[in-house]
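The values are calculated or read from the model by the stated rules, or taken from the named source; none is laboratory data. Remember, it's a predicted structure, so these values are computed and weren't measured experimentally. Counting neighbours? That spans all protein chains shown, and the Cβs are built from the backbone with ideal geometry, glycine included. The area values use the complete protein model at the heavy-atom level, side chains included, leaving out ligands, DNA and RNA. Shrake-Rupley method; radii C 1.70, N 1.55, O 1.52, S 1.80 Å.
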Amino acid sequence: MEINIYINTKKISANIKAAIDEYIKRLSPYCRLIIMCSTKLPDISNKPNTYHAYITNSNYSNPTISSTQYAKLINEMMSGGTSKIFYYIGYTAKDASSLNYFSIVTPSMSNELTAVSLSEQIYRAYTINNNIAYHK
């Protein structure tokens, strides 16, 4: 599985990059996690076996997804043949109107912190799906 996270920013700060790199390292046995910075929403092509989602702040129409719900979603995508997941953080709803929407966080956070939180939730999903203790 390859998971791509696009962040609406020109550059990620060093401390945020360090936090994300730790999750990239922990996830390497399970999937390939790629972080990309882009101030414009990249071209989205709905190729077979891909999933696209816009990560939002929680509200009534986009409730927050729990860790176990997210783990189930990842498991369903993998067993259904999805090989690439694309997440988009910080783009306007107009830019991302054709995407799936869900939230992993309730409070409003910066795009960079949302990327760290999403990276952590991806790691958490894989630990749940592989019956691995989350904390060392």
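Would you confirm whether any residue within the range 117-124 is among the hydrophobic types (A, V, I, L, M, F, W, C), at pLDDT 80 or above, in a helix (DSSP H, G or I) and over 25 Å from D43 (Cβ atoms)? No: zero hits. With the structure loaded, tell me whether I55 is of a type in the set (V, I, T), surrounded by 18 or more Cβ atoms within 10 Å (Cβ to Cβ) and at pLDDT below 80 or whether it fails that test. Answer is no for this residue. Checking each residue in the range 75-101 for being at pLDDT below 90, of a type in the set (S, T, N, Q) and open to solvent by 80 Å² or more (accessible area, probe 1.4 Å) picks out S97, S98.
The one condition from (1) within 29 Å of A133 (Cβ to Cβ); (2) open to solvent by 40 Å² or more (accessible area, probe 1.4 Å); (3) modelled with pLDDT of 95 or more; (4) under 15 Å from the mean Cα position of the chain (by Cα) that S66 does not meet is (3).
Does at least one position in the range 19-41 carry a residue that is over 26 Å from Y134 (Cβ atoms) and open to solvent by 60 Å² or more (accessible area, probe 1.4 Å)? Within the range 19-41, one or more residues are over 26 Å from Y134 (Cβ atoms) and open to solvent by 60 Å² or more (accessible area, probe 1.4 Å). Considering the conditions (1) of a type outside the set (S, T, N, Q); (2) open to solvent by 40 Å² or more (accessible area, probe 1.4 Å); (3) closer than 17 Å to N100 by Cβ, I3 is excluded by exactly one of them, (2). Of the residues making up the range 18-39, those that are without any contact (Cβ under 8 Å) to a residue 12 or more places away in the chain and among the charged types (D, E, K, R) number 3.
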